[in-house]
Amino acid sequence: MVFLPRQESFTCEHCGASVEVLLNGSYRNHCPTCLYSKHVDEKGPGDRQSLCLGLMKPLRIDQHSKKGWMIVHLCTVCQKEMRNRSAPDDEIVGFMQRESERFARVNPKD
Ligand SMILES: [Zn+2]
Ligand SMILES: [Zn+2]
């Protein structure tokens with residue numbers, strides 16, 4: 001019997017998508033569709049030490065020279081910021097498009 005720790009599918013609390021586990025062995029804690037996450041880790045990815053369990057909103061995407069795309073999450077409950085490595089099937093482009101559209105709306109040209 002194969003036991004994979006911390007691999008569980010879940011339903012996204014933001015958009016309701018059902019999120020399947022990644023098959024390449026790395027675990028994920030955020031929704032690939034809307035990129036929302038949940039505040040379950042306290043000090044680092046996967047420690048599951050947080051008692052907050054607040055919804056974490058994707059703030060921005062950073063590019064890390066070694067780790068690739070990093071999603072910066074902000075907890076909507078305790079305001080903690082966490083960085084997470086993105087997964088290959090994350091909708092990074094869609095997120096950036098939504099962000100730039102939002103930016104264009106709040107900062108209209110003239
Ligand atoms: Zn979602
Ligand atoms: Zn929190």
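The values are calculated or read from the model by the stated rules, or taken from the named source; none is laboratory data. Model, not experiment: these values are computed from the prediction. Note that we place each Cβ from the backbone using ideal geometry, even for glycine, and neighbour counts take in every protein chain shown.
State yes or no: is Val106 exposed (fewer than 10 other Cβ atoms within 10 Å of the Cβ), at pLDDT below 90 and among the β-branched types (Val, Ile, Thr)? No, not satisfied.
Among the numbered conditions (1) at pLDDT 90 or above; (2) over 10 Å from Leu35 (Cβ atoms), the only one that Lys57 does not meet is (2). Within the bounds of the range 66-76, is there any residue that is outside any strand (DSSP E or B), more than 16 Å from ligand 1 (Cβ to nearest atom), at pLDDT 90 or above and loosely packed, with under 11 Cβ neighbours inside 10 Å? The answer is no; no qualifying residue exists.
Across the range 42-65, not a single residue is classified as in contact (Cβ under 8 Å) with a residue 60 or more places away in the chain, out of contact with any strand residue (DSSP E or B) (no Cβ under 7 Å at 6 or more places or on another chain) and surrounded by 14 or more Cβ atoms within 10 Å (Cβ to Cβ).
Within the range 9-28, residues that are modelled with pLDDT of 75 or more have Cβ atoms under 7 Å from residues that are part of a loop (DSSP other than H, G, I, E, B) and among the acidic types (Asp, Glu) in these pairs: Ser9/Glu20; Val21/Glu8, counting only partners at least 6 apart in sequence or on another chain. Under the condition of being in a helix (DSSP H, G or I) and under 12 Å from His30 (Cβ atoms), the residues counted in the range 77-97 number 2.
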